[in-house]
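The values are calculated or read from the model by the stated rules, or taken from the named source; none is laboratory data. Keep in mind that what you see is a predicted model, and the values were worked out from it rather than measured. Glycine gets a Cβ as well: all are built from the backbone with ideal geometry, and neighbour counts include every protein chain shown.
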Amino acid sequence: MPLAYLPSPSRSVWHLGPVPLRLQALCVIAGILLALWIADRRYRAGGGERGVIADVAAWAVPAGLIPAALGAILASAHTGPWQAVRTWDAVIGFPGAAAFGTLAAWLACRRLRGTRGQRVRLGQVAGAAVPAVAFGQAMVAIGEWFAQQGYGRPSAAWWSVKISPAHRLQGYENFATFQPIFLYQALWDVAVGVALIWAARRFGMPGMRLFALGAAAYAAGGFGLFWLGIGHLPVILGLRAGELGDAVVFAGAVVYLIRTRRMRPTPLQNAQKPALESDTPVM
């Protein structure tokens, strides 16, 4: 074991009377709230109405959590629940959350109306939300540290993370420190969030193109981090299932960016404010 390493928290659950407080779950909740706050500020800064992001999130957040719930159900049918959870989360985690969440947001935007009766545009919601989701996902990744889940191959680097014997995967019981994938993921997510905000300001990217750029960046990071991962995943078309899911998301996002390279942004203010009548006096 190296002389310097990143320790794991000794506890991940506290009890408030009979109620268990799991730090990983609290990080997920904190990540969702952080993403909603940032997305709402960005949407309203562009001229959007207060409350729209919360209304869309009421559809998109539960739908995005469906893959995680499905993974837990599938894992419960397997022996070795720890390994099963890691496997199913890798297979359907990000691609499933992106697909379900985006579909639910699209349905919400079709049904919702602003206070002046105008439709809520998916592109403008997506453009405001995608950097916010990246920052929220960084908080979720930190939660994996508390649960001693987000680690990869054994490592002797000074920034490696120590994992207690109870949380080590079968076959790695004799190793104490591992690659801190949760840390790499959190740093990548923060970098993606900052880059998306910069790109939106620098190039004036339309919302859906910014969303596609964020999906491509997140998938690229996930694909790269899979090379540091450990554990068995089913192989499909020469790629592990998790890698294949990220590759599909990345390819789809890149194709969309290429096909929409001439798209220009629609100002949110113009989309939501009624046009002036020709005989309306201008002060």
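Looking only at segment 58-67, decide whether some residue is surrounded by fewer than 18 Cβ atoms within 10 Å (Cβ to Cβ) and at pLDDT below 80. Yes, segment 58-67 contains at least one residue that is surrounded by fewer than 18 Cβ atoms within 10 Å (Cβ to Cβ) and at pLDDT below 80. Residues in segment 115-145 that are in contact with a strand residue (DSSP E or B) (Cβ under 8 Å, 6 or more places away or on another chain) and either surrounded by 24 or more Cβ atoms within 10 Å (Cβ to Cβ) or part of a helix (DSSP H, G or I) (or both): Trp145 only. Contact map, segment 35-52: residues that are farther than 12 Å from Arg113 by Cα paired with residues that are hydroxyl-bearing (Ser, Thr, Tyr) and assigned to a helix (DSSP H, G or I), Cβ distance under 9 Å, separation 6+ or inter-chain. Pairs shown: Arg50/Tyr43.
With the requirement that a residue be among the aromatic types (Phe, Trp, Tyr), surrounded by 16 or more Cβ atoms within 10 Å (Cβ to Cβ) and more than 21 Å from Pro180 (Cβ to Cβ), what does segment 1-49 give you? Tyr43 - this is the single residue of segment 1-49 that is among the aromatic types (Phe, Trp, Tyr), surrounded by 16 or more Cβ atoms within 10 Å (Cβ to Cβ) and more than 21 Å from Pro180 (Cβ to Cβ). Restricting to segment 146-189, name every residue that is surrounded by fewer than 16 Cβ atoms within 10 Å (Cβ to Cβ), free of Cβ contacts under 8 Å to residues at least 60 places away in the same chain and within 30 Å of Val130 (Cα to Cα). Scanning segment 146-189 gives a single hit, Leu187. Cβ-Cβ distances below 8 Å connect the following pairs, each with a first residue in segment 101-114 that is part of a helix (DSSP H, G or I), a second residue that is among the charged types (D, E, K, R), and a separation of six or more residues or different chains: Ala108/Asp55; Cys109/Arg119; Cys109/Arg121; Arg110/Arg119. When segment 118-146 is filtered for residues that are among the aliphatic types (A, V, I, L, M) and within 22 Å of Asp55 (Cβ to Cβ), the ones remaining, listed by number, are Val120, Leu122, Val125, Ala126, Ala128, Ala129, Val130, Ala132, Val133, Ala134.
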